[in-house]
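The values are calculated or read from the model by the stated rules, or taken from the named source; none is laboratory data. No experiment lies behind these values; they were computed from the predicted model shown. Using ideal geometry, Cβ is built from the backbone for each residue, glycine included, and neighbour counts are taken over all protein chains shown.
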Amino acid sequence: MGYEMGGERRRWWLNRSAMVVLWVVVSLGIWACLHLYIRRVSMRKAEEALVSMCEERARMIQDQFAVSVNHVHALAILISTFHYQKHPSAIDQETFAHYTARTAFERPLLNGVAYAQRVAHMERERFENEQGWIIKTMKHEPSPMQDEYAPVIFSQETVSYIEALDMMSGEEDRENIIRARATGKAVLTNPFRLLGSNHLGVVLTFPVYRSGLPADATVDERVENTAGYLGGAFDVESLVENLLRQLAGSQDIMVNVYDVTNISEPLIMYGPQQPDGYMSLSHVSMLDFGDPFRKHHMECRYSQKPPIPLSAITTPSGVFVICMLAGYILYAAWNRYDNVKEDCRKMEELKVQAEAADVAKSQFLATVSHEIRTPMNGVLGMLDMLLDTDLNLTQRDFAQTAQVCGKALISLINEVLDRAKIEAGKLEIEAVPFDLRSILDEVLSLFSAASREKGIELATFVSDRVPEVLTGDPGRFRQIITNLVGNSVKFTEGGHIFVQVHLVEHSNMVMDVKSEAHINGHSDEQDHKSNKTLFNTLSGLEAADNRNSWENFKHLLSNDASQNGMPGDSDSGGVTLIVSVEDTGIGIPLQAQDRVFTPFMQADSSTSRNYGGTGIGLSISKCLVELMGGQINFISRPQVGSTFTFTVVLQRCNGSAIDDAKRAIPEPLPASFRGMKSLIIDERPVRGAVTAYHLRRLGIAAEVVCNVKTAINMLAGQNGYSKSYGKQPNLIFVEKDSWSSGTDAGLRKQLMQHKQNGHSVELPKVILLVTSEYDKTKTSFEDGVIMKPLRASTVGTCLLQVLGAGGVQQRKQTPNGSTFLHNLLVGKNILVVDDNKVNLRVAAGALKKYGANVACAESGKDALSLLQLPHKFDACFMDVQMPEMDGFEATRQIRLMESKVNKEARNTGREGSEKSEWHLPVLAMTADVIQATYEECLKCGMDGYVSKPFDEQQLYQAVAKFLLSKPEQ
């Protein structure tokens, strides 16, 4: 074994050494490739620079040459004008020599200029007599007889030696003259050595025409009108030298200028006869001197090979060093590979154990949930059945107390399970239509008794801009509101709890710089509220969040008033709501505000001891708000109160969804009050606005005044109020705070006078609004008393009682109430399957209570035997977790039987049978709220889901869609 391990280690070291050598070789290869690449890039840049410099020099040579040609052209025009058009001529040799000497600076490239006149053979004798000399050839010999001559008559002093010489006597000059007068352009000779400077140069010949030659003249016309020829010698070497001297970098490049008219034998015009320098890199630029018959170009090259850039050495070297460092790091990592691999193996084992523990935790929670909820289902079910019997007051009180405690335990279990779902990432948000205002009314009804006992003002307000029906998760939204309002009720002994809902884009409740210091526990702590100071809030006590002031609330009310009717529910798109829950409780201590949303944390030990609770509600609320696309924060001031604010993103609904959601409302609002008018007497404008909001939901127009005296003046048409104030109010709502001794008599007197004057047929009903049970005493003047918190449904019920059957039509029976559920289930045959006998009794008792015929089975196999086709059952409530055969498998077997029978019926084509298609509605009934999800139920063929323990509303929602339209067999 030791030999084998030693050999393995040697092989390991050999492999590692080979990898190190290979790494070094690869790094050197990278260095070489990068070096060659940088050198190639450097040479490409040098080539581009050479091209740029060469093109620039060629352009400048052309420009300088063109300037000189233009001056020669101007001189030709001068001669044509003053020599041939003036009689006698205005130019002679002295004048020409003097003028050309004075303007020589304009022609720096020309050694000199001269003018040769065209003389025909017949005019030779007269011409020589006029000039006083004979025409000579280039060799200074008398010119032989020929058709025409071109003797020089005017010359610059620098070339005065050519005076009287016939330019036509030279073969190349003669060709230039003939080409120049035929084209009308300047033409050049081949390069030759100039006299005097011995530099290479060319002779420029330019024709001079008599006046009157048209622009589009033919060649014959040009020849006929030729008067003479103006010529000049260009010093090409001086031209190029001067330009190179002026340009930077001229010492780095070498230039050769060639006449390439005959490309096979180019004539050098500038530069060494044998080109030297760095010949591998050169560039040729074409030169255009204006002669269409001759071609020239300039060849540029570096005087020496461009140096290797420093970056071609430093950069590859740096990369090589980096590669070596990377290799060292990899080498060190490889040394630790065995240890890391072992650690990874251990981590994999720990991961498997953690995943198993997570699965075990979920299974444990599911099992605990099932095991606790199963007996609780029996307890609550039996208590519900007990409360339906005849009990005395003491017995009923005991049973109701036990029922409340059981429901509290179920609520605690649900919170713990919700927290477990959130941690596991398995909590999903539904998207169903719901009435937000109805949900808020339901939450208020949960805490109405506690708020009345404490004398707390508990109220809700929803902006008219918020759509009536929205799509979202109503259960989770209700859970958030319930947690926040429940905490406020728990920690508030007096004052108010105010829930507001607005659209974010129309709300002024936005974080500003001034309030940032108070958010989430960074506010300045104050000692106590002043009982002498009244604030413009719901209860008159100071609130923690100054942004919820009356000024902001009034601004929101004015925005709502400017909108006609409810918002467009048919509009599609998202709706972002901002919800605030404001209370005047004890507030949150500064040292505890940072851990408010931490699970199972209380402000201090005394909080749980004095007020109870687990400290999990706010943590769950925060998670739910984030799942609904919003955020939650709070402002709290000790001994002043707290304001929790959160946002949620919901969706608008279409028309059919809105109608369905309205039909599912437990207590639909009566429509018989529409068109009525009311007067609200309340000294607190916020509270008055809340009352008016609930009345508007019933279709009642509301006017708010601050006291009884103002109301009397309004009815009497005094103090600026017009007597034509409008229709006599049908209802007068008076807050208990605004009601004092003697005011009722004054108000009654004014109402009686209003009636005697013929302004109304009957007196309006006066209704007193009270907060506490102690204020519920009714006097002879009030027609009714409404206990707060206000809900539109309770206000409607009270008004029905006050106005009587003759005032408005009574409300119809709610479709999902007990009576309708009885009508829905009466005579229906329902099978209940559960392995727990107590649960069987509870479920059977709940269904029999509404008139259903119930059969029971204690296992899935028993259920299958009872459901052999054909059977008489209209629905089946199936428990999920049962021995031998669970509810899922039993449902699959039921669907398989139905599928076979339906297929046989379709194949045989039987008609008129009792049932053409068999499909029994199967509803899951389980206490396992984690594993038995709605999707799992649908997957096995179930039609719905009912969690234990179920109540009347849950039962109605489960069976209504299956039995509502099912015909009697």
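Yes or no, residue by residue, for (1) at pLDDT below 85; (2) out of contact with any Cys (no Cβ under 7 Å at 6 or more places or on another chain); (3) farther than 14 Å from residue 473 by Cβ; (4) surrounded by 14 or more Cβ atoms within 10 Å (Cβ to Cβ):
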site: 419; (1), (2), (3), (4): yes, yes, yes, yes
site: 425; (1), (2), (3), (4): yes, yes, yes, no
site: 436; (1), (2), (3), (4): no, yes, no, yes
site: 439; (1), (2), (3), (4): no, yes, no, yes
site: 446; (1), (2), (3), (4): yes, yes, yes, yes
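Which ones in region 848-900 are polar (S, T, N, Q) and under 55 Å from the mean Cα position of the chain (by Cα)? Once the filter is applied, which keeps residues that are polar (S, T, N, Q) and under 55 Å from the mean Cα position of the chain (by Cα), region 848-900 yields 859, 881, 891, 893, 899. Against the definition (surrounded by 15 or more Cβ atoms within 10 Å (Cβ to Cβ), at pLDDT below 65 and not in a strand (DSSP E or B)), how does residue 560 come out, yes or no? When the stated conditions are applied, residue 560 does not pass them.
Contact annotation: residue pairs with Cβ atoms under 6 Å, 6 or more positions apart or on different chains, pairing a residue in region 94-118 that is farther than 16 Å from residue 83 by Cβ with a partner that is of a type in the set (Val, Ile, Thr), are 111/158; 112/158; 112/159.
Within region 601-609, is there a residue that is of a type in the set (Val, Ile, Thr) and either at pLDDT 55 or above or under 31 Å from the mean Cα position of the chain (by Cα) (or both)? No: zero hits. Of the residues in region 830-838, none is surrounded by 14 or more Cβ atoms within 10 Å (Cβ to Cβ), closer than 21 Å to residue 940 by Cβ, aliphatic (A, V, I, L, M) and out of contact with any Cys (no Cβ under 9 Å at 6 or more places or on another chain). Every condition in (1) surrounded by fewer than 17 Cβ atoms within 10 Å (Cβ to Cβ); (2) in a helix (DSSP H, G or I) holds for residue 376 except the one numbered (1). The set of residues in region 130-154 that are free of Cβ contacts under 8 Å to residues at least 12 places away in the same chain and within 16 Å of residue 93 (Cα to Cα) comprises 130, 132.
Let's see how each residue does on (1) closer than 30 Å to residue 691 by Cβ; (2) more than 52 Å from the chain's Cα centre (by Cα); (3) at pLDDT below 85; (4) in a helix (DSSP H, G or I):
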position: 795; (1), (2), (3), (4): yes, no, no, yes
position: 802; (1), (2), (3), (4): yes, yes, yes, yes
position: 806; (1), (2), (3), (4): yes, yes, yes, yes
position: 812; (1), (2), (3), (4): yes, no, yes, no
position: 816; (1), (2), (3), (4): yes, no, yes, no
position: 821; (1), (2), (3), (4): no, no, yes, yes
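Checking each residue in region 165-208 for being at pLDDT 85 or above, among the basic types (Lys, Arg) and surrounded by fewer than 22 Cβ atoms within 10 Å (Cβ to Cβ) picks out 174, 179, 185. The single residue among 230, 244 that is buried (at least 19 other Cβ atoms within 10 Å of the Cβ) and either modelled with pLDDT under 85 or touching a helix residue (DSSP H, G or I) at 6+ places or on another chain (Cβ under 6 Å) (or both) turns out to be 230. Pairing each residue of region 26-52 that is touching a residue at least 60 places away in the same chain (Cβ under 8 Å) and at negative phi with any residue that is surrounded by 13 or more Cβ atoms within 10 Å (Cβ to Cβ) and β-branched (Val, Ile, Thr), provided the two are 6+ apart or on different chains, yields C-beta distances under 7 Å for 30/319; 31/319; 34/315; 34/319; 38/315; 39/308; 50/253. When you check residue 569 against the structure, is it among the charged types (D, E, K, R), surrounded by 11 or more Cβ atoms within 10 Å (Cβ to Cβ), assigned to a loop (DSSP other than H, G, I, E, B) and at pLDDT below 80, yes or no? For residue 569, the condition - among the charged types (D, E, K, R), surrounded by 11 or more Cβ atoms within 10 Å (Cβ to Cβ), assigned to a loop (DSSP other than H, G, I, E, B) and at pLDDT below 80 - is met. Could we say that residue 259 is closer than 30 Å to residue 193 by Cα and either in contact with a helix residue (DSSP H, G or I) (Cβ under 8 Å, 6 or more places away or on another chain) or buried (at least 17 other Cβ atoms within 10 Å of the Cβ) (or both) here? For residue 259, the condition - closer than 30 Å to residue 193 by Cα and either in contact with a helix residue (DSSP H, G or I) (Cβ under 8 Å, 6 or more places away or on another chain) or buried (at least 17 other Cβ atoms within 10 Å of the Cβ) (or both) - is met.
Counting only strands (runs of 3 or more DSSP E) that fall entirely inside region 197-292 and contain at least 1 residues that are of a type in the set (D, E, K, R), the qualifying elements are 226-235, 253-259. Screening 68, 89 for residues that are in a helix (DSSP H, G or I) and modelled with pLDDT under 85 leaves exactly one candidate, 68. Out of region 293-343, which residues are part of a loop (DSSP other than H, G, I, E, B), surrounded by 15 or more Cβ atoms within 10 Å (Cβ to Cβ) and out of contact with any strand residue (DSSP E or B) (no Cβ under 7 Å at 6 or more places or on another chain)? Listed by number, the residues that qualify are 295, 306, 309. Looking only at region 625-642, decide whether some residue is modelled with pLDDT under 85, under 38 Å from the mean Cα position of the chain (by Cα) and buried (at least 17 other Cβ atoms within 10 Å of the Cβ). Looking through region 625-642, none of the residues is modelled with pLDDT under 85, under 38 Å from the mean Cα position of the chain (by Cα) and buried (at least 17 other Cβ atoms within 10 Å of the Cβ). Checking each residue in region 293-324 for being of a type in the set (Ser, Thr, Tyr) and out of contact with any Asp or Glu (no Cβ under 7 Å at 6 or more places or on another chain) picks out 311, 314, 315, 317. Considering only region 396-409, I want to know if a residue exists there that is closer than 23 Å to residue 625 by Cα and either modelled with pLDDT of 75 or more or more than 52 Å from the chain's Cα centre (by Cα) (or both). No, region 396-409 contains no residue that is closer than 23 Å to residue 625 by Cα and either modelled with pLDDT of 75 or more or more than 52 Å from the chain's Cα centre (by Cα) (or both). Within region 516-530, can one find any residue that is in contact with a Phe, Trp or Tyr (Cβ under 9 Å, 6 or more places away or on another chain), outside any loop (DSSP other than H, G, I, E, B) and either modelled with pLDDT under 70 or among the acidic types (Asp, Glu) (or both)? Yes, because at least one residue in region 516-530 is in contact with a Phe, Trp or Tyr (Cβ under 9 Å, 6 or more places away or on another chain), outside any loop (DSSP other than H, G, I, E, B) and either modelled with pLDDT under 70 or among the acidic types (Asp, Glu) (or both).
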